[in-house]
Amino acid sequence: MALNQENLIKFCSAGCAGRVLNNQELRWSAPGLFDDIFELSSSSQLTFTHGELLKATIQMASSMIFAKDDPKGVSPLAKAIRRWRDEERFDTPEEAEEVLSELLVQMVDQRYNEIQTIIQDWREYSRSVRICSFSAKAENMSAWEHYGAAHTGAALKFRGSDHDDSDFNYPEKVNYKGICPEITTLKQQLNTIVTANAEDHKDEFRSKLLQKAPHQKDIAEWRCFRYQETEKDSDPKTWFEDIHFETEDLAAVYFGAFMDEKAKDVLMRLLQKRYRRTKIFQAKIVTGKFELEFERIMTV
């Protein structure tokens, strides 16, 4: 079993918890369905234009022409710059940039067309990938506030199984490093033009869905991934799957400190009927502390 995180906690409202338990399904969604303006999705756009790429390429080439050392590499641009340096073709950076604006257009045009393929591949991936999000600990106060309906909801603890194909066996940790993800960056494309080494952009796609804003770090999110090929003309609102889980996958359920008694009764009946091995806990505020504790609810 290749489990990276021992416990996966799904925070939700009491009503959502009831649907999950009753249907024995978890919803897995495309990133475009998440309520996060920083999340990359199928509708995300390139952050630079053809003109900006051309301008940056010209400036970079000019700086390389007048740099102390010859550029390394075997790309067409690197070879051309070494030749121009040997010929002392340009006297000033301004002169170089004026000539380069004509010489580099075709090279940038070709690269920009290749970037369109990257965008197309990203759109296909982002509409077909399905994500289920979790937190690492039931004590997570921020998760209770934001996703646990302000402590009136529930936290469902899932765990991996001995079956390698279990959806919960391969969670990945979200990073909160302050770098907003892009489909591809201007810096990456400049590097490709200089080195002529284009990395397999598809290998980076998943990592772009594991980058979130620093102000969200208290959620301590983990994500599980699935893939469901989706037609590009389909309605984005339908880009989700309700995926069955086994009863033994649900290790525990935590009732929020302020959960309504009626809602609690509904969940208790479902748990006692269908999830006899699942442990049940009630969240309580620790006296004199900004903390929660969980009291085991014993069932017959």
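The values are calculated or read from the model by the stated rules, or taken from the named source; none is laboratory data. Remember, predicted model here, so these are calculated numbers, not experimental data. Virtual Cβ from ideal backbone geometry, glycine too; neighbours counted across all protein chains shown. The protein model used for the area step is the full one, side chains on, heavy atoms only, and it has no ligands, DNA or RNA in it. Shrake-Rupley method; radii C 1.70, N 1.55, O 1.52, S 1.80 Å.
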Within 10 Å of each candidate Cβ there may be at most 10 other Cβ atoms; applying that plus a DSSP loop requirement, which GluC sites (Glu not before Pro) in segment 88-179 survive?
GLU88
The chain, accessible surface, carbon-and-sulfur percent (1.4 angstrom probe):
48
Whole Å is fine, so just give me how far the alpha carbon centre of segment 38-63 lies from that of segment 105-172.
25
So, with +1 on the Cβ of K and R and -1 on the Cβ of D and E, and no other charges, what is the size of the charge dipole of the chain about its Cα centre, to the nearest 20 debye?
1480
Could you check the spin-label model distance between LYS55 and MET298? Points 7 Å from the Cα along Cα→Cβ, value in nm.
7.3
Give the accessible surface of the chain per residue, rounded to a whole number of Å², with probe radius 1.4 Å and ligands, DNA and RNA excluded.
57
Antiparallel as a % of all DSSP beta bridges within the chain, to the nearest 5?
85
Determine the shape class of segment 195-300: with a ≥ b ≥ c the square roots of the Cα gyration tensor eigenvalues, call it rounded for a/c under 1.5, and otherwise prolate if a/b is greater than b/c, oblate otherwise.
prolate
Give me the one-decimal nm value for the distance between modelled label points at GLN120 and ALA196, 7 Å along each residue's Cα-to-Cβ direction.
2.4
Would you mind working out the magnitude of the charge dipole of segment 131-205 relative to its Cα centre, with +1 at each Lys and Arg C-beta and -1 at each Asp and Glu C-beta, to the nearest 20 Debye?
360
Between GLU291 and ARG276, what length comes free when the chain is fully extended (0.36 nm per residue of separation minus the Cα-Cα distance, one decimal in nm)?
2.5 nm
With +1 on each Lys and Arg Cβ and -1 on each Asp and Glu Cβ, and nothing else charged, work out how big the dipole of segment 156-245 is about its Cα centre, in Debye to the nearest 20.
600
Run through segment 218-284 and list the trypsin sites (Lys or Arg not before Pro) located in a DSSP loop whose Cβ has at most 14 other Cβ atoms within 10 Å.
LYS232, ARG276, ARG277
